[in-house]
Structure formats: structure tokens, C-alpha cells
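To keep things clear, I will list the structure first and then write my remarks on it.
The values are calculated or read from the model by the stated rules, or taken from the named source; none is laboratory data. What you see is a predicted model, and the numbers here were worked out from it, not measured in a lab. Glycine gets a Cβ as well: all are built from the backbone with ideal geometry, and neighbour counts include every protein chain shown. Accessible surface is based on the protein model in full, side chains and every heavy atom, while ligands, DNA and RNA are left aside. Shrake-Rupley method; radii C 1.70, N 1.55, O 1.52, S 1.80 Å.
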Amino acid sequence: MTPDDVDGRISRLAAAVEAAIPDSLRDEWERRVGREPVLVARQGIFSTHGRPFAYQLSYRAPGQHTQTAHSWSTYQHERATAHVLAATFGRADLEHVAHGRLLFVRCPRAYLTGDLAVPRRPDRLVIEITDTVNVDSAVLAGVRRLREEGFRIAVPGFVSNADQRRLLPHADFVKIDVRDLDVEGHPVVDLARSYGALLVAEYVENADTLRYARDLGFSLFQGNLLERAGVLDRAGARPVSH
């Protein structure tokens, strides 16, 4: 039996199974799927004047209130990113989420190298490189390609490690945890902006850290002092193709 014969038999079997599903069962499944929430978390990124500049999007599952991403496998990171991208860009009424602003989404390695596709929306999507990515030649080539396509790149949690320094020439945004500024201070901040990236102060939790970040010349600010992450349910927006 040739491979084509096998493929043909599989196709006929799949068609037979599909035809055998009763309409009532199919309708019930569609009603059930339609009732399930499609969640995405959103937190604002603000300018020095306190105006929303962009939004950070992250994964949420029903009943989940906090991120547990540090313990995830590579596959779980990829699935979570796929969910966020599909819930946001794969459904109608994108502006209900974006309000005309940029959308930061953390993307693991496969999205940088092209093994997994990102939505063709460089006007909205900022690709934030997951801090566990090993920045090798394939990742750098992928980042350059994405920038040539018009996407902006963000480097989170900057502490001047070797991988992050390799990304600096390609970064439009560099994020620094303001809780580390009392230790890291000016040298890391100066390095982070050395290629012209806009600096984002992450984890702004109180007025003192906000003032200190402003004094150090940060342009953008993110944290619970400014806005806690809210959860959007995108189930009511119809799916669309990218």
C-alpha cells in the first residue's frame, strides 16, 4: 500500500466519523464551546504624564488569578502565548483590547525563530522576548527578520546578562524591575538605553520607586501602583482569520 493510499483511507475514515456525529450533539458542543470564557489579562503601561501608552497582555485560565509561568515547560509557554495571541488577534473587535495602543506579548523561542507564527499586526503587537530564551544565532536572525517586518521588540527584566546584551541593538523597549534599582542603579540603566531603546520601569508598587524611576530617566511605567491587571473575556468576539 502506497502512502497516498494510506492518506486516502485516513481521509475517508475522518469524513465518515464526521458524518456520523448527530446534529444534536454537534449543536450541543457548539453551545458549550460558546459559553466557555476566553480570557486574557491586561495591564497598562503608562507615560511620564500618567497616560496609557500600551498594554501588557498575559495568559489567564478560568479560576486563575496569578501567573505561575516560572514553573512552566517550553510547551506550556508556547500554548499560553498561542492562547493570548488567538484571544486577542484571532477575534473581532481588536480595539476593545487595544484602544489604539501597542500590545506587549511575551513570546518564547519558537515565535522568534519562525517555527510558530505571530499575527501579521506589527502596528499593534510588540514581541517581548521571554527571559528564559537562549539567544543564539537562530534567535538573533529571527529577531532581525521580525524587525524588518515592522515588529517592535521588548527585552524584559534587564539585568545586563550576556543574552540580554546581545539583544540590546535590536530592542525598541527595555524593561527593568524597579525593585532592583537600589542595587543595579545607574550603570544598568545607562547600558539599557545605550542603543536608543525606550526604558520601561516594571513592578512600580509605590510612590517612592516611581519617583526614583523618573529621576533615572525612565520613559514608561508599569505596575500595580498605576494599574492592577484586569481580565478580559473575549468569548463574545467572533473568531477571525489572521
Surface accessible to a 1.4 Å probe, T48 within the full protein complex, Å²: 60
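Between A92 and S137, 0.36 nm times their residue separation minus their Cα-Cα distance comes to what?
Taking 0.36 nm per residue and subtracting the Cα distance, the gain is 12.6 nm.
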Shape call, region 122-183: gyration tensor on alpha carbons, a/c limit 1.5: oblate
Pairwise FRET efficiency - E36 versus H186, Cβ, R0 = 41 Å, nearest 0.05: 0.25
Shape call, region 162-242: gyration tensor on alpha carbons, a/c limit 1.5: oblate
Theoretical FRET efficiency, 1/(1+(r/R0)^6), r = Cβ-Cβ of R51 and V240, R0 35 Å, to 0.05: 0.75
Accessible-area value, D208, 1.4 Å probe, nucleic acids and ligands omitted, Å²: 100
Region 103-241 - charge dipole about Cα centre, Lys and Arg +1 at Cβ, Asp and Glu -1, debye rounded to 20: 640
If the convex hull is drawn through the Cα atoms of region 104-242, its volume per residue in Å³: 119
Gyration tensor (alpha-carbon) shape descriptor, region 69-157, a/c threshold 1.5: oblate
In Å², nearest 10: area of D131 left accessible to a 1.4 Å probe: 90
Spin-label pair A207/S219, simplified geometry with 7 Å Cα→Cβ offset, distance in nm: 2.8
